[in-house]
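The values are calculated or read from the model by the stated rules, or taken from the named source; none is laboratory data. If you're wondering where the values come from, they're calculated on a predicted model, not measured in any experiment. Positions of Cβ are backbone-derived with ideal geometry, glycine not excepted, and every protein chain shown enters the neighbour counts. SASA here: full protein model, heavy atoms, side chains in, ligands and nucleic acids out. Shrake-Rupley method; radii C 1.70, N 1.55, O 1.52, S 1.80 Å.
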Amino acid sequence: LKNYEMKYAHLIKLTVFSYENEDSQPVLGAFLMFFPFNLQENKVDFRKTNADGFNQSKIKIFEATLAKNNLISQFLKNLLNNLDESQKNIILSQLGSRLDKNLDFFLRFDKSSWVNEKKLILTDSGKCFHLKISIAAFPKKRVIALNAINSLFYEK
């Protein structure tokens with residue numbers, strides 16, 4: 001097993017939009033499946049926001065932010081357990097383009113495949129679960145962040 005005690009991230013933020021023409025309960029349920037722990041019991045910053053989309057459509061935004069090391073570790077372990085080899089390989093092949101200059105690492109997972117099939121599939125579409133991982137790199141250098149992400153997703 002991997003050393004999940006290594007600090008890979010300072011912060012993790014997960015966001016998903018639920019549109020008014022869809023039932024938000026399955027979306028919320030799928031959102032919560034990313035977390036292998038109870039958000040409320042762990043005092044996780046979880047927000048439900050209502051917003052207006054195009055043509056006055058209503059959108060619900062579900063957003064959770066993790067800052068505690070033990071919760072971040074559990075989240076990442078759960079994420080890795082739900083990703084198949086091909087998805088991990090895609091992530092590894094796209095490491096550079098998914099890491100911005102602030103060392104934030106971005107992944108988008110197709111909403112319908114996670115809600116309906118419990119499968120995490122990377123996507124570029126807007127209908128997704130949007131994951132932002134602020135990579136812990138000491139010193140704060142891109143190459144160190146890339147190595148950390150690589151070791152996280154690369155399974156021996």
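Some notes on this structure:
- Take every pair of alpha-carbon atoms less than 8 Å apart whose residues are at least six positions apart; their mean separation over the length of the chain yields a relative contact order of 30 percent.
- Estimated dipole of the chain in Debye, rounded to 20 [Cβ of Lys and Arg +1, of Asp and Glu -1, Cα centre]: 560
- 0 to 90° range, to nearest 10: angle between helix 142-153 axis and the chain longest Cα axis: 70
- Residue among F37, F75, F54 with the largest mean-square fluctuation in a Gaussian network model of the chain, springs linking Cα atoms under 10 Å: F54
- With the helix formula -39500 (n - 2.57) applied to DSSP H stretches of n ≥ 4, the chain reaches a computed 222 nm mean residue ellipticity of -10500 deg cm²/dmol.
- The long axis of helix 69-82 is offset from the longest Cα principal axis of the chain by roughly 80 degrees.
- Heavy-atom SASA rank of E117, E22, E41, E63 (probe 1.4 Å, accessible area, largest first): E41, E117, E22, E63
- H10 contributes an accessible area of around 80 Å² to the protein surface, as traced by a 1.4 Å probe with all chains present.
- Correct option for Rg/Rh (Cα atoms, Kirkwood Rh) [calculated from the coordinates] among (1) 1.03; (2) 1.10; (3) 0.96: (3)
- Carbon plus sulfur fraction of accessible area for region 34-123, probe 1.4 Å, in percent: 46
- Surface calculation, 1.4 Å probe, protein heavy atoms: S86 sits at approximately 60 Å² accessible.
- By accessible area with a 1.4 Å probe, ligands and nucleic acids excluded, highest first: order of D45, D52, D124: D124, D52, D45
- In this structure, K101 and S57 have a Cβ-Cβ separation that, at R0 = 35 Å, corresponds to a calculated FRET efficiency of about 0.55.
- Mean accessible surface per residue for region 1-71, computed with a 1.4 Å probe while every protein chain stays in place, in Å²: 64
- Separation of the L11 and K140 label points, Cα + 7 Å toward Cβ, nm: 1.1
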